[in-house]
Amino acid sequence: MTAEIPGRRRTFRRPLLLAKDYAVLILLVAVTVFLSFASPAFFTSDNLLNILNQNAPLAIIAAAGTFVIVSGNFDLSTASVFAVASVSAAWLANETGSVALALCAAPVLGLVLGAVNGLVVTALRIHSFLATLASSLVYSAIAVLITGGALITVTTEGFTELGRGEFLGVFLPVWVLAGVVALLWFLLSGTVFGRHVFATGGNAEAAELSGVRVDRVKILVFSLSGLAAGVAAAIAVSRIASGQPQAGAGMELQAIAAIILGGTSIHGGVGAVWRSVAGVFLIALIGNGFDILDFNPQLKDLVTGVIILAAVALAAVGRTRR
């Protein structure tokens, strides 16, 4: 029997690992190049800025959701937190006339609801999937109670500045997204807290034995996820100047799909903020491409689903061969 040469095995494995690590960037570049040649309307500053602007709330949620999944948990309540925060901001704006109070209340409320999720998961020892599934139903009901099931239209002057305003020719939500992503990127990859998040997701028991306060880490990552949903809600409600109890429906699944597409492991312990943001915009480019090329919109979900499955399969192959 011929012995396997270790050097040759490493040679074959290296391209696979590189493809796994940078698959989302490779796909993002490939789709961008294809659409640039396919339609002259794609690679324009107006179209690209609109893609960034429209997807800023989802990218913010996905960036923070990366912490939750890296820690080995799931948050299925982000869309409901988003809804509660947005309708609360709209209600406060009409009741108080204060734009600053209304828009600042959305992130604060999101932080509180996220912390509640973390406390439920840690104190009651309920799996995060079930805990946040239940809390999403509760939060959705709260959003309906606040609005009475109706739309809250905001007429307060200046309320739309955050969602529609521009600075240096770039929409304010894009600036907010850039700031949030930079902060979260640093927090996950360059701080002790970030290392504790990775340790918790990699092996919670070993992390606890090493001195990591695992329960506190879980509460913090859920709080961060709720805070991000609140920030996203402030942007979205300011943009459309109305609060809707069904706002953000399905956003939690879109965020998780983008995070997984970016290469963050559903098993925890592996991931990066930039990957999740890249995943969001890869999905956004696919949708934009279907629109500008006038493809059958019913195929968009099919293509997106196949790409996500391919990304998960690639991650699984890379994990088994390490």
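The values are calculated or read from the model by the stated rules, or taken from the named source; none is laboratory data. Treat the numbers as computed from the prediction; the structure is a model and nothing was measured. Quick reminder, even Gly has a Cβ in these numbers, built from the backbone with ideal geometry, and neighbours come from all protein chains shown. To get the accessible areas, we keep the full protein, side chains included, count just its heavy atoms, and leave off ligands, DNA and RNA. Shrake-Rupley method; radii C 1.70, N 1.55, O 1.52, S 1.80 Å.
Below, the figures for the structure above:
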read-out: √(5λ) per eigenvalue of the Cα gyration tensor, the range 219-320, largest first, Å; value: 25, 22, 10
read-out: Relative contact order (percent, whole number), the range 24-174, Cα cutoff 8 Å, 6+ residue spacing; value: 28
read-out: Max mean-square fluctuation residue, GNM over the chain, Cα-Cα springs under 10 Å, options Pro245, Pro40, Pro107; value: Pro40
read-out: Ordering of 84-95, 224-235, 198-209 by burial proxy (mean other Cβ atoms within 10 Å per residue, highest first); value: 224-235, 84-95, 198-209
read-out: Once the Cα gyration tensor of the chain is diagonalised, semi-axes √(5λ) in Å; value: 34, 27, 16
read-out: Per residue accessible area of the range 33-96, 1.4 Å probe, in Å²; value: 33
read-out: Ranked by how many other beta carbons lie within 10 Å on average, peptides 277-288, 146-157 from highest; value: 277-288, 146-157
read-out: Hydrodynamic radius by Kirkwood, which averages 1/r over all alpha carbon pairs of the range 106-206, in angstrom; value: 17.3
read-out: Vicinal HN-Hα couplings computed from phi for the range 164-175 (Karplus, 6.51 cos²θ - 1.76 cosθ + 1.60; Hz; Gly/Pro x); value: 10, x, 10, 9, 6, x, 10, 4, 4, x, 5, 5
read-out: Relative contact order (percent, whole number), the range 103-179, Cα cutoff 8 Å, 6+ residue spacing; value: 12
read-out: The chain - percent of accessible surface contributed by carbon and sulfur, probe 1.4 Å; value: 67
read-out: Under 5 Å, built H, 5+ apart or other chain: amide partners of Glu166; value: Leu172
read-out: Residues of the range 112-168: accessible area per residue with a 1.4 Å probe, Å²; value: 58
read-out: Segments 130-136, 306-312 sorted - mean Cβ within 10 Å per residue, highest first; value: 130-136, 306-312
read-out: Virtual paramagnetic centre 7 Å along Cα→Cβ of His127, amide N under 15 Å, in the range 59-102; value: 72-76
